[in-house]
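Participant: Below you'll find the structure I mean.
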2 protein chains.
Amino acid sequence: MVWCSGWKLVSAVSDFGCLGLIGSGSMDLDVFKHHIKKCKIATNKPFGVNLPLYSKDVDAKIDIILQEGVKIVFTSAGNPKLYTKMLKKEGITVAHLISSEEQAIKSDAAGVDALVAEGYEAGGHNGHNETTTLCLIPAIRKITSKPLMAAGGIGTGQGMLSAMCLGADGVQIGTAFAVSDESSAHENFKLKVIQSKEGDTALALKSISPVRMMKNDFYNEVQKAEKEGVSVEEIKELIGIMGRSKKGIFDGDLIKGELEIGQVSAQMKKIRPCKEIIKEILNEYEENRIALSSDRYKYD
Amino acid sequence: MVWCSGWKLVSAVSDFGCLGLIGSGSMDLDVFKHHIKKCKIATNKPFGVNLPLYSKDVDAKIDIILQEGVKIVFTSAGNPKLYTKMLKKEGITVAHLISSEEQAIKSDAAGVDALVAEGYEAGGHNGHNETTTLCLIPAIRKITSKPLMAAGGIGTGQGMLSAMCLGADGVQIGTAFAVSDESSAHENFKLKVIQSKEGDTALALKSISPVRMMKNDFYNEVQKAEKEGVSVEEIKELIGIMGRSKKGIFDGDLIKGELEIGQVSAQMKKIRPCKEIIKEILNEYEENRIALSSDRYKYD
């Protein structure tokens, strides 16, 4: 949710009964602090922070989290051993994002309070195993009895129900909110996403760290570079440090920008307020849940 | 289901209330005819044939299907326009396997009776779009009102229920039956599959036609060849015409053989009779379906 999830989105999502997460990955320290402060004013509901552990400024961000009294942190992209204990000592609830059994075992051992298991269909940074949500959730459910949230490919009530069938206790939703009114993403990006169709995203940048994005000129450029076997350094230079995702998602350059989004983007058809998105997801979830108990679904 | 689905597996599956499909892809004409004849003796329940349309001997196989009076054909890997009309004229029910919206639209237009939508997690031949079952089923459900079966990543009752939540009318199961007692696969292969874990399969051979298989020496060999950019002809030579999948699945060479299997293999823990597999899937489906109607799953 880089360049999408600032205080506007987070406070809206939290206000309507979900848990909003500030996407700190694309924020420098001042911006991050600003968004937390604004969010505290905008909502009196709990909200959290998503904190990629590979960030150079992770320690400084943790300082801000502590100063500002944020009580929920979702860590990702790094070793859960490093910060979980310390964060928990400070009274913070810690969830860690994983994409494999191995990472789930490590997270469990690191003492996290909850896990988010994210499948291959997810947008943005992605795991190396390429295990899909449908196969990942049951595997992780067997490993941990901690609260387990499913992520990747879930942006509708049907998807949410499906994840619950697989043993999840809840879901983490990105793409559907990335195209909400309250998302900080550029209008061009939101329009591109809601006009997209099945097959329009792909997992790229596997030689560095896999990222799901829309197929555009930038995608073709990195695919070509990887095929030609250019060095990791050259590919990193091609991307710039967060440069291309900012260009695409925040500045709305649909050609040269990196358009990170999940496969479920093909099911998103409107730009609308979070309130409507949440209402529709929950209504669809309940409708389908009730329908499933009818005789039509009984096996005989 | 190459090298797995002969008359023993098919008749067992059909006997226990499912629809068994003879996997004709790995059979020459005599073997194919033999399996149909044996299957007709072994069960009086309906069964079908899976027919990859790219086969050189597809016309001869259709002749056998007609001669032997098989009434259900699942076509795959080819244009549904070519044979659907003719097969239907002969009173045959035709389902076509697709992995994208585009193929679903073409299949619908070709007049097939039903569709099988197969996601990225499926074993063996796979689509280019890499859309997962979780994202594919809702997309295809919007395109067609015809009976829709979900495939890829489904080998348990939970997985089946999950697919039904997404709008499927039924499921097609491969991997779970590939490791059944009645599967023609070699014992070595079955043991390898039930000992595997999350992350042990990958999609390879993308330069020819994507195939999901277990990661072994053969997989490493084709990955290396593709990375080095060798020609499609050289890769084809490396595989041999069905040679490597026979070596792996049927002859049990776990090193040099191509071990085609789905991601759900990590959830398979036993080699056992089809009857038990089916019973467990349906029981788990019903248990989870009923559990889902409880208040624990109600959103409030």
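The values are calculated or read from the model by the stated rules, or taken from the named source; none is laboratory data. For clarity, every value in this text was computed on a predicted model and none was experimentally measured. Please note: Cβ atoms are built from the backbone with ideal geometry, for glycine as well, and neighbour counts cover all protein chains shown.
Participant: If you check residue B:215 against the conditions, is it within 12 Å of another protein chain (Cβ to nearest Cβ), surrounded by fewer than 20 Cβ atoms within 10 Å (Cβ to Cβ) and at pLDDT 95 or above?
Facilitator: yes
Participant: Among the candidates B:154, B:208, single out the residue that is surrounded by fewer than 24 Cβ atoms within 10 Å (Cβ to Cβ) and closer than 24 Å to residue B:26 by Cα.
Facilitator: Just a single option satisfies the conditions, and that option is B:208.
Participant: On to the next question. Taking strands (runs of 3 or more DSSP E) that fall entirely within region B:165-278, which contain at least 2 residues that are farther than 30 Å from residue A:298 by Cα?
Facilitator: The strands (runs of 3 or more DSSP E) meeting that bar are B:201-204, B:211-214.
Participant: Continuing with this model, one more query. Looking at the structure I just gave you, is residue A:294 out of contact with any helix residue (DSSP H, G or I) (no Cβ under 8 Å at 6 or more places or on another chain), surrounded by fewer than 21 Cβ atoms within 10 Å (Cβ to Cβ) and within 11 Å of another protein chain (Cβ to nearest Cβ)?
Facilitator: yes
Participant: Next question, about the same structure. Against the condition surrounded by fewer than 23 Cβ atoms within 10 Å (Cβ to Cβ), touching a strand residue (DSSP E or B) at 6+ places or on another chain (Cβ under 9 Å) and either part of a helix (DSSP H, G or I) or not hydrophobic (A, V, I, L, M, F, W, C) (or both), how does residue B:162 come out, does it pass?
Facilitator: Criteria not met by residue B:162.
Participant: Moving on to the next point. Which fully enclosed helices (runs of 4 or more DSSP H) of region B:4-106 have 2 or more residues being within 30 Å of residue B:252 (Cα to Cα) and in contact (Cβ under 8 Å) with a residue 60 or more places away in the chain?
Facilitator: B:7-15
Participant: Check region A:175-190 and report whether any residue there is within 13 Å of another protein chain (Cβ to nearest Cβ) and over 20 Å from residue B:137 (Cβ atoms).
Facilitator: No: zero hits.
Participant: I've got another one for you. Out of (1) within 13 Å of chain B (Cβ to nearest Cβ); (2) farther than 23 Å from residue B:139 by Cβ; (3) under 15 Å from the mean Cα position of the chain (by Cα), what's the single condition that is false for residue A:116?
Facilitator: Tallying (1) within 13 Å of chain B (Cβ to nearest Cβ); (2) farther than 23 Å from residue B:139 by Cβ; (3) under 15 Å from the mean Cα position of the chain (by Cα), residue A:116 fails exactly one: (1).
Participant: With respect to residue A:142, is the statement that it is more than 21 Å from residue A:54 (Cβ to Cβ), surrounded by fewer than 17 Cβ atoms within 10 Å (Cβ to Cβ), within 9 Å of chain B (Cβ to nearest Cβ) and modelled with pLDDT of 95 or more true?
Facilitator: yes
Participant: Give A:277, A:249, A:261 a once-over and let me know the one that is within 14 Å of another protein chain (Cβ to nearest Cβ), within 21 Å of the chain's Cα centre (by Cα) and of a type in the set (Val, Ile, Thr).
Facilitator: A:261
Participant: Somewhere in region A:100-109, is a residue buried (at least 24 other Cβ atoms within 10 Å of the Cβ) and within 23 Å of residue B:156 (Cα to Cα)?
Facilitator: Taking every residue of region A:100-109 in turn, at least one turns out to be buried (at least 24 other Cβ atoms within 10 Å of the Cβ) and within 23 Å of residue B:156 (Cα to Cα).
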